[in-house]
1. Mind checking Rg over Rh on the chain, alpha carbons, Kirkwood formula for Rh?
2. Compute the relative contact order of the chain as a whole-number percentage, counting only Cα pairs closer than 8 Å that sit 6 or more residues apart in sequence.
3. Counting only pairs 8 or more residues apart or on different chains, how many lysine pairs in the stretch 22-177 have their Cα atoms under 28 Å apart?
4. What does the charge count around GLU174 come to, taking other residues whose C-beta lies under 11 Å from its C-beta (Lys +1, Arg +1, Asp -1, Glu -1)?
5. Using the Cβ atoms and a cut-off under 13 Å, what net charge is assigned to the surroundings of ARG78, where Lys and Arg are +1 and Asp and Glu are -1?
6. Please report the net charge: other residues with Cβ closer than 10 Å to the Cβ of ILE150, K and R +1, D and E -1.
7. So what is the 222 nm mean residue ellipticity for the chain from helices alone, if each DSSP H run of at least 4 adds -39500 (n - 2.57) and you divide by all residues, rounding to the nearest 500 deg cm²/dmol?
8. Check each of the chymotrypsin sites (Phe, Trp or Tyr not before Pro) in the stretch 41-137 and keep only those in coil by DSSP with at most 16 other C-beta atoms within 10 angstrom; list them in order.
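Read-outs throughout are calculated quantities, based only on the coordinates presented, and are distinct from any laboratory measurement. Because the structure is predicted, anything quoted here is derived from the model rather than measured. Backbone-built Cβ (ideal geometry, glycine too); neighbour counts: all protein chains shown.
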Amino acid sequence: MRAALIGILLLTGCAVLAPHPADPGLFLVPPSAAAKQASLSQSVRMTSDKGATFETLAAVEIDPHYLRVAALGPMGNRILMLEWDGKDYREERDPNLPKDFPAKVVLRDLTLALFPAEAVRKALPSSDWTLQEKPGSRELSLDGKPVIHIDYSTADPWNSIIHFRHLTLGYQLEIQPANLD
């Protein structure tokens, strides 16, 4: 009995001590915080460090009440619709889109990259997370260690080519206005 208890304590202790990649979780910034009203098309390319790639054309609509993102597949069909009003999150998926595709994380990453830094800071899950902003870049850190790094080609993120790197989960997003080559 004592040996079994020690074994359980060792196993649970190892599980608790196992390293987990840092990620701020699924916080979403309210659309009203964007201080923006726009309708635009963006080309989005997601790449994992393991080599997987996903590309889509996204229609993004933002106003003080809603953030809507519609992603189109290679044939022009809508494969994903995300809607966030600051309280309720809704998504519609094409049945062929993998069930584990992290749609809500993509929406979180878009708000992290596009919304004003102060609005993002207010939405962060704890004071252990900090967002630093410099001309042309942002960096989200946990206890001073970089987790997400974002580079912008212009001062206006809504009209910029954005390079987004999640350093601990190992994926990148390249977001650009659809009219740029």
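1. Values: Rg = 18.6 Å, Rh = 17.8 Å.
Ratio of gyration radius to Kirkwood radius: 1.05.
2. Numbers: 327 pairs, mean separation 38.4, N = 181.
Across the chain, relative contact order equals 21 percent.
3. Going through the stretch 22-177 pair by pair, I get 16.
4. Numbers: positive: ARG45, ARG165; negative: GLU55, ASP151.
Residues close to GLU174 contribute a combined charge of 0.
5. Values: positive: ARG68, ARG93; negative: GLU83, GLU91, GLU92, ASP94.
With Lys, Arg at +1 and Asp, Glu at -1, the net is -2.
6. Working: positive: ARG138, ARG165; negative: ASP109, GLU133, GLU139, ASP151.
Local net charge: -2.
7. Calculated from helices alone, the mean residue ellipticity at 222 nm is -6000 deg cm²/dmol.
8. On the way: sites: PHE54, TYR66, TRP84, TYR89, TRP129; in loops: TYR66.
Here the chymotrypsin sites (Phe, Trp or Tyr not before Pro) that fit, given the DSSP loop and packing criteria, are TYR66.
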